[in-house]
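The values are calculated or read from the model by the stated rules, or taken from the named source; none is laboratory data. Model, not experiment: these values are computed from the prediction. Here Cβ is always computed from backbone atoms with ideal geometry, including for glycine, and neighbour counts include all displayed protein chains. Note: accessible area is taken over every heavy atom of the protein model, side chains too, but ligands, DNA and RNA are not part of it. Shrake-Rupley method; radii C 1.70, N 1.55, O 1.52, S 1.80 Å.
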Amino acid sequence: MYPLSKSLFIISVLVSSTLFAQAQPFIVGSTLNDDLVKNQQWSKVENLSDEFTGNSIDKNKWDTRSIVPGRFHWVGRWPGLFEADNIHLQNDELWLEAELFERPKADELNGRDDWTHGGAIVRSHDVVQPGMYVEARMRTTETIMSGTFWLTTPAADWDVVPKAELDVTESIGIKSGVFKQPELGWYANVADEFEFGVNANCRQRSSSCLPLVNQAGDYGTFDPSEDFHVYGVYWESPTDIHIYLDGKYRFSISPPIPFAHPMAIIMAIETYDFNWPSTAAKDGFEGSLEERSTQYKWVRTWQLSRTTSIHSD
């Protein structure tokens with residue numbers, strides 16, 4: 001048996017090592033692009049990070065409203081209406097519930113009264129800056145609705161601050177086979193792609209001066225609804241976006257315009273017009289709350305505290 005002083009020293013080293021290991025982005029790969037993240041010193045941005053413990057979502061970090069005056073103006077994509085009561089903290093996880101309404105509902109803007117499904121959206125109050133690393137451990141719903149983790153610029157004069165969107169991952173749980181008419185071919189392909197793997201995208205939204213432009217990338221054939229995965233993005237610079245899956249670098253995207261302006265973190269569960277509802281049973285809405293929910297174990301955002309060389313001697 002070790003003397004007390006030696007035992008305390010060992011415990012101290014183990015605790016320090018654990019804390020140090022936790023205070024870095026989740027990177028286990030060994031390529032130069034992995035080292036680009038791994039061989040730097042980071043500090044966690046607490047207002048943009050959450051372990052989702054407790055009984056309710058932290059309203060100091062997250063906004064659960066669909067309409068956020070002066071920032072965001074989106075009630076959902078028909079037929080899926082965003083509703084705050086579909087946001088739950090369960091088992092130290094954030095669950096965004098996919099719901100089939102008993103009867104159609106109207107939205108808060110009275111824009112239409114035929115919403116048949118419920119989803120949810122969560123947005124960060126604070127914003128992510130170029131140079132940060134953002135990651136989430138999540139699992140997609142087992143319904144026709146989505147699992148998403150993305151960044152976007154809040155409302156602004158789009159001719160001065162272009163509306164930009166950085167999708168780290170976006171997927172559907174079940175392919176319904178029902179598409180918006182008459183563009184069956186195009187929509188069918190998107191539904192096929194969104195059922196599997198990482199679907200990342202850098203999107204320039206249209207304005208009076210700029211057209212809509214997408215620069216996309218994908219990786220893998222795994223089913224995002226079967227298990228949890230860690231999805232990460234290193235927003236290295238306005239022109240360099242690197243996507244990571246389960247701690248390993250997968251691909252990079254060059255955005256259509258420089259992504260130079262801060263963006264909020266978004267988590268949403270949505271419906272799509274390339275994957276419209278069919279029946280409750282086929283679409284997954286007879287499953288349990290857990291099966292119907294997109295689940296997030298944590299979100300973590302990191303900023304550089306010091307940069308070191310990414311090359312070894």
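Apart from one condition, residue 237 fits all of (1) closer than 23 Å to residue 282 by Cα; (2) out of contact with any strand residue (DSSP E or B) (no Cβ under 9 Å at 6 or more places or on another chain); (3) modelled with pLDDT of 95 or more; (4) open to solvent by less than 30 Å² (accessible area, probe 1.4 Å); the exception is (1). Beta carbons closer than 6 Å, at least 6 apart along the sequence or on distinct chains, pair a first residue in region 74-87 that is in contact (Cβ under 8 Å) with a residue 60 or more places away in the chain and in a helix (DSSP H, G or I) with a second that is of a type in the set (D, E, K, R) and open to solvent by 40 Å² or more (accessible area, probe 1.4 Å) for 86/99. Sub-6 Å Cβ pairs linking a first residue in region 213-230 that is on the phi > 0 side of the Ramachandran plot and touching a residue at least 12 places away in the same chain (Cβ under 8 Å) to a second residue that is open to solvent by less than 80 Å² (accessible area, probe 1.4 Å) and not in a loop (DSSP other than H, G, I, E, B), at least 6 apart or interchain, are 220/198, ordered by first then second residue.
Considering region 89-127, and only residues there that are outside any strand (DSSP E or B), touching a Phe, Trp or Tyr at 6+ places or on another chain (Cβ under 8 Å) and under 28 Å from residue 54 (Cβ atoms), the residue that is least open to solvent (accessible area, probe 1.4 Å) turns out to be 98. Given the criteria open to solvent by 70 Å² or more (accessible area, probe 1.4 Å) and polar (S, T, N, Q), does residue 86 qualify? Judged against the criteria, residue 86 is not a match.
Of the residues in region 155-177, at least one is in contact with a Gly (Cβ under 8 Å, 6 or more places away or on another chain), surrounded by fewer than 17 Cβ atoms within 10 Å (Cβ to Cβ) and at pLDDT below 95. Within region 23-73, the set of residues being touching a residue at least 40 places away in the same chain (Cβ under 8 Å), open to solvent by less than 50 Å² (accessible area, probe 1.4 Å) and part of a loop (DSSP other than H, G, I, E, B) comprises 24, 25, 27, 29, 45, 49, 52, 57, 61, 64, 66.
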